[in-house]
Amino acid sequence: MTTRSLSLAAAALAAAASLAAAGSARVHGRAFPFGAPPGTTGGFGEPTCATCHFGNELNDSAGSLAIEGLPERYTPGQAYRLIIRLRRPQMGAAGFQLSARTPAGAQAGTFATAEGEAKVRVQTAAGIHYAGHTEPGSRLAAPGAAEWPVVWTAPASGPVTFSAAANAADDDRSPLGDYVYALERSTRGP
């Protein structure tokens, strides 16, 4: 075992012990198959999925995270169907979380699930809406591919920053070997 592997294993054990001491749920590669706690988008000072899934560099070049359907300029009150897409070879399970905020960090617009959609849920914490995966949403759409539809209704005005984080898990029931991706995208109103 290399020094790096030993360090990563020690970090995993320390994180697991810390979470267990705090009364957290199980700690493994799919610690949150029903969705991560709100506030793990990587934006506005929040952590990413790398808090519980670690061992690899953020945004490894073998994979990608994208928000599709986001207009360059939005129309106030209009609903936009966004698709969060995560790609990574050998991915066994996946998850994501997304927020939309003003430059000051306040909620910008609203999120909703697409009609009949069971892969996504919306939670609110501290006045911020978080769209994230459900247990069915942790399953892949195709080998190496996960996607989640989210409906965003635009606010009355102002620039909006979307923060997203996603986990391309190997589904081996450990916190190691997963790949975390994060991004921010912006749009502006009239």
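In segment 86-190, if the dipole is taken from +1 on Lys/Arg beta carbons and -1 on Asp/Glu beta carbons about the Cα centre, which of Trp152, Tyr179, Pro190 is farthest to the positive end?
Pro190
Give the Rg (one decimal place) followed by the Dmax (whole number) of segment 68-190, computed from C-alpha coordinates and expressed in Å.
14.7, 47
Using the Karplus curve 6.51 cos²θ - 1.76 cosθ + 1.60 with θ = phi - 60°, what ³J(HN,Hα) values do you get for each residue of segment 97-106, in whole Hz, with x for Gly and Pro?
So the Karplus estimates, Gly and Pro as x, are 8, 9, 9, 9, 9, 6, x, 7, x, 7 Hz.
Work out from phi, with θ = phi - 60° and the Karplus expression 6.51 cos²θ - 1.76 cosθ + 1.60, the ³J(HN,Hα) of each residue of segment 137-142, listed in order in whole Hz, and give x for Gly and Pro.
The phi angles translate into x, 7, 7, 6, 6, 7 Hz.
Under 5 Å between amide H atoms, partner at least 5 residues away or on a different chain: which partners does Gly55 have, H built in plane at 1.01 Å?
Result for Gly55 returns nothing.
Convert each backbone phi in segment 126-133 into a coupling constant with the Karplus relation 6.51 cos²θ - 1.76 cosθ + 1.60 (shift: θ = phi - 60°), then list the ³J(HN,Hα) values in order as whole Hz, x for Gly and Pro.
Couplings: 6, x, 10, 7, 10, 8, x, 6 Hz.
What number results when the radius of gyration of segment 88-130, computed over Cα atoms, is divided by 2.2 N^0.38 Å? Numbers along the way, then the final one.
Numbers: Rg = 13.3 Å, N = 43, 2.2 N^0.38 = 9.2 Å.
Dividing the Cα Rg of segment 88-130 by 2.2 N^0.38 Å gives 1.45.
Please compute, over every Cα-Cα pair in segment 99-162, the percentage with a separation greater than 14 angstrom. Please report the intermediate quantities before stating the final value.
Working: 1179 of 2016 pairs.
For segment 99-162, the share of Cα pairs beyond 14 Å comes to 58 percent.
At R0 = 25 Å, how high is the FRET efficiency between Ala112 and Ala145 if r is their beta carbon distance? Nearest 0.05 is fine. Numbers along the way, then the final one.
Values: r = 24 Å, r/R0 = 0.95.
Calculated value: 0.60.
Would you mind checking segment 44-78 for residues with the amide N under 11 Å from a putative spin-label position 7 Å along Cα→C-beta of Ala126?
Those under the cut-off are 44-47.
Which parts of segment 150-190 would a label at Thr75 reach, counting a residue when its backbone N lies under 17 Å from a point 7 Å out along Cα-to-Cβ?
Those under the cut-off are 152-158, 188-190.
Values quoted throughout were computed directly from the atomic coordinates according to the rules given, and no laboratory measurement underlies them. Bear in mind that the values here come from a model prediction, so they are computed numbers and not experimental data. Neighbour counts are summed over all protein chains in view; Cβ atoms, including those assigned to glycine, are modelled from backbone coordinates with ideal geometry.
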